[in-house]
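Asker: Sharing a structure with you now.
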Amino acid sequence: MNDLFSEIDDIFHSSSVAIYGVSRKGGLGNILLQGFIDQEFPNIFIINPTITESNVEIMGIPVYSDLESIGKPVDLAICSTHPKYVKDIITECGQYGVKAVVIFSAGFGEKSEEGKKAEQELLRIARKYQMRLIGPNCMGFYCPETGLSFFPALPTESGPLGLISQSGSIANIMAFSCILKGIHFSKSISYGNGIDLGFNDFLEYLGNDANT
């Protein structure tokens, strides 16, 4: 297999995930977190720089003010914050050695020319640290075999179907619609604006994936 297959396969087989955007008040980050909890993903960390107290948990998951405070490797980061924070998050992830970041945050190239410029800056930072990006404006990955998820209540049972969608909403609707018909997924991907990894990359990957 080529390097691209290995890079994407490593993302799907991440052993630890850090989620930005989870808060005490709730929100999208908390919904994403529940998806990982439902899949019983083994190593989940919450990053929230506004929470500086020690030994804080949200939904039973430990909260850290930054990646350095975790003190353990993080393979994948999920970013669901306001877009103005994303650049600093991508930089922190690159410096810490995170392999890939899923950017749920919207408000980039799909919105304005300034947003497109911001995307190019994110891509520049990612390439500096040899880190892959999925998104922005995406749902990311659902892979029941490894516990990756983009929404609560998705089945933990794997199947043969692979799905690639630009739209996160379509990916989510398709996942639940197929489940009602007894069809299960090997992997489902929403890539959003696709500033780094995009449709062609994931199509090539799934075409060589033995489980799809």
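The values are calculated or read from the model by the stated rules, or taken from the named source; none is laboratory data. None of the values given here were measured: they were computed from a predicted structure. Virtual Cβ from ideal backbone geometry, glycine too; neighbours counted across all protein chains shown.
Asker: Those residues that are among the small types (Gly, Ala, Ser) and either more than 16 Å from Phe202 (Cβ to Cβ) or in a helix (DSSP H, G or I) (or both), I need them from region 118-135; list them, please.
Answerer: Ala118, Ala126
Asker: Among the candidates Gly182, Gly192, single out the residue that is assigned to a loop (DSSP other than H, G, I, E, B), more than 13 Å from the chain's Cα centre (by Cα) and small (Gly, Ala, Ser).
Answerer: Of Gly182, Gly192, the one residue that is assigned to a loop (DSSP other than H, G, I, E, B), more than 13 Å from the chain's Cα centre (by Cα) and small (Gly, Ala, Ser) is Gly182.
Asker: Quick test for you: out of Phe108, Phe45, Phe41, Phe36, pick the one residue that is more than 20 Å from Asp10 (Cα to Cα) and surrounded by 18 or more Cβ atoms within 10 Å (Cβ to Cβ).
Answerer: Answer to the check: Phe108.
Asker: Any residue in region 154-177 that is closer than 20 Å to Leu32 by Cβ sitting within a Cβ distance under 7 Å of a residue that is at pLDDT below 90? List the pairs, counting only those 6 or more apart or interchain.
Answerer: Leu154/Ala175; Pro155/Ile179
Asker: Let me ask another. I want to confirm something. Restricting to region 12-33 and keeping residues that are in contact (Cβ under 8 Å) with a residue 60 or more places away in the chain and in a helix (DSSP H, G or I), which single residue is surrounded by the most Cβ atoms within 10 Å (Cβ to Cβ)?
Answerer: Leu32
Asker: (1) within 20 Å of Arg132 (Cβ to Cβ); (2) in a loop (DSSP other than H, G, I, E, B); (3) over 18 Å from the mean Cα position of the chain (by Cα); (4) of a type in the set (S, T, N, Q): which one isn't true of Asn211, the others all being true?
Answerer: Every condition holds for Asn211 apart from (1).
Asker: Which numbered condition in (1) farther than 20 Å from Asp196 by Cβ; (2) at pLDDT 95 or above; (3) out of contact with any helix residue (DSSP H, G or I) (no Cβ under 9 Å at 6 or more places or on another chain) is the only one that Glu114 fails?
Answerer: Of everything listed in (1) farther than 20 Å from Asp196 by Cβ; (2) at pLDDT 95 or above; (3) out of contact with any helix residue (DSSP H, G or I) (no Cβ under 9 Å at 6 or more places or on another chain), Glu114 misses just condition (1).
Asker: Suppose we filter region 71-95 for residues that are surrounded by fewer than 18 Cβ atoms within 10 Å (Cβ to Cβ) and not in a helix (DSSP H, G or I); how many remain?
Answerer: Number of matching residues: 5.
Asker: Let me ask something additional. Would you check which residues across region 165-212 are buried (at least 20 other Cβ atoms within 10 Å of the Cβ) and among the polar types (S, T, N, Q) and list them?
Answerer: Correct list: Ser165, Ser186, Ser188, Ser190, Asn193.
Asker: Related question: With respect to the numbered conditions (1) in contact with an Asp or Glu (Cβ under 9 Å, 6 or more places away or on another chain); (2) surrounded by fewer than 16 Cβ atoms within 10 Å (Cβ to Cβ); (3) within 16 Å of Ser190 (Cα to Cα), which one is the sole condition not fulfilled by Arg127?
Answerer: (3)
Asker: Considering each of Ser149, Ser158 in turn, give the residue that is within 18 Å of the chain's Cα centre (by Cα) and under 26 Å from Ile44 (Cα atoms).
Answerer: Selected residue: Ser149, the only one of Ser149, Ser158 that is within 18 Å of the chain's Cα centre (by Cα) and under 26 Å from Ile44 (Cα atoms).
Asker: Condition first: part of a strand (DSSP E or B) and under 27 Å from Glu68 (Cβ atoms). Can you find one or more residues in region 136-145 that meet it?
Answerer: Yes, region 136-145 contains at least one residue that is part of a strand (DSSP E or B) and under 27 Å from Glu68 (Cβ atoms).
Asker: Listed residues Val102, Val98; which is in a strand (DSSP E or B), among the aliphatic types (A, V, I, L, M), touching a strand residue (DSSP E or B) at 6+ places or on another chain (Cβ under 9 Å) and surrounded by 15 or more Cβ atoms within 10 Å (Cβ to Cβ)?
Answerer: From the options Val102, Val98, the qualifying one is Val102.
Asker: Of the numbered conditions (1) more than 27 Å from Phe5 (Cβ to Cβ); (2) touching a strand residue (DSSP E or B) at 6+ places or on another chain (Cβ under 8 Å), Leu133 fails exactly one; give the number of that condition.
Answerer: Answer for Leu133: the failing condition is (1).
Asker: For Ile47, state whether it is at pLDDT 95 or above, β-branched (Val, Ile, Thr), under 19 Å from Met139 (Cβ atoms) and within 17 Å of the chain's Cα centre (by Cα).
Answerer: Answer is no for this residue.
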